[in-house]
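The values are calculated or read from the model by the stated rules, or taken from the named source; none is laboratory data. Remember, predicted model here, so these are calculated numbers, not experimental data. Neighbour counts run over all protein chains shown; Cβ positions are idealised from the backbone, glycine included. When the accessible area is computed, the model is the full protein with side chains, heavy atoms only, and any ligands, DNA or RNA have been set aside. Shrake-Rupley method; radii C 1.70, N 1.55, O 1.52, S 1.80 Å.
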Amino acid sequence: MFPVAAAAETPYPSKPVRLVVPYPPGAATDAISRAFAQQLGTIMGQTVVVENRPGAGSAIGIQAVKSRPADGYTLLVHAEGFYSAKFTTPSAGYEFSDFEILAPLAQSSYAFIVPADRGWNRLDDLKGVKRELDIGTADLGVGTYSTLAARLASGLGATYRAIPFKGGAEGLTAILGGQIDGYFTTIGTTQSVKDNPHVKVLAYTGRPGSTSHLPGVKTFADLGVPDMVFHSSYSVAVRTGTPEPIRQKLAEFVRQAATSEAMNKARRDLYLDDYTGSLDDYKQELMRLAHEFEASAKARKSE
């Protein structure tokens, strides 16, 4: 019994920690996760290894974390895909209750961009368009992009056709080439195209009166289109069932890293915003979004 007792007394953390990002390298989710991992490792005194596990709308990465012990040594970067993947991937072998969010990392609103050759210089130019709008989506029919496309069409009194893409870069290429009528991009991604003569940035999904990283661009709400306040959020989660002493220590490490000045700088550099509400508020907002995704999934099945 001596080895068992000795292991139980081993202080946490005593080995490297793995941070699973269920998205490909290069995107904002990956970039903020790597900045967080570096800061967390410094605070914990252990190496934090970032592991990208994209696929199936993020279900592959989520399943990878669930398959590992609930010992505080494997963390999940949690985003909206956590909920949409559950509704769109029948084989997703996890439940919402399998994970606990420890702290938000960042959030981003979305800009709506259109090809410049359409002649649409203001959001009002899309109102009353007689034909169906081709709007790019980068999800599996239930998720952030599909939700925003549906809300926009409703707010404009227009009809649309979803044009699915495998990822954000593919959709961006399509909008630059004029192959689709509109596309939603994170504010960080929009920085690379906002001055491109082939596109126009018409609005973004921030709160009314908010300050944007896109000078001169107003929010949908300020332009009179309701129900378009939306932020994509990134957070850190751990397996439910992690021993409470370890969970408490880990939660404090995560909180310190997420609120550090180094993370504040990383958010600014990536055109991301901090989440200013409480952790409980954050969890409630995500659950409301999960219910919206669930309703969308049920509606698709009934079509």
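Looking only at the stretch 11-42, residues that are among the hydrophobic types (A, V, I, L, M, F, W, C) and farther than 14 Å from residue 266 by Cα come to 4 in all. Selection of first residues in the stretch 157-182 that are on the phi > 0 side of the Ramachandran plot and of second residues that are part of a loop (DSSP other than H, G, I, E, B), restricted to Cβ pairs under 9 Å at least 6 apart or on distinct chains, gives the following pairs, ordered by first then second residue: 157/127; 157/128; 178/198. Just one residue in the set 101, 62 is assigned to a helix (DSSP H, G or I) and closer than 17 Å to residue 18 by Cα; that residue is 62. Within the stretch 121-138, the set of residues being open to solvent by 30 Å² or more (accessible area, probe 1.4 Å) and in a loop (DSSP other than H, G, I, E, B) comprises 121, 122, 127, 128, 129, 130, 131, 132.
Among the residues making up the stretch 250-272, a single one is assigned to a loop (DSSP other than H, G, I, E, B), at pLDDT 95 or above and open to solvent by 50 Å² or more (accessible area, probe 1.4 Å): 259.
Which of the residues that make up the stretch 273-303 are in a loop (DSSP other than H, G, I, E, B) and either among the acidic types (Asp, Glu) or closer than 22 Å to residue 238 by Cβ (or both)?
Looking only at the stretch 273-303, we keep the residues that are in a loop (DSSP other than H, G, I, E, B), and these are 274-278, 303.
Passing the criteria: 274, 275, 277, 278, 303.
Each residue in the stretch 6-41 was checked for being in a helix (DSSP H, G or I) and touching a residue at least 60 places away in the same chain (Cβ under 8 Å), and 10 pass. Going through (1) in a helix (DSSP H, G or I); (2) more than 27 Å from residue 71 (Cα to Cα) one by one, residue 247 falls short only on (2).
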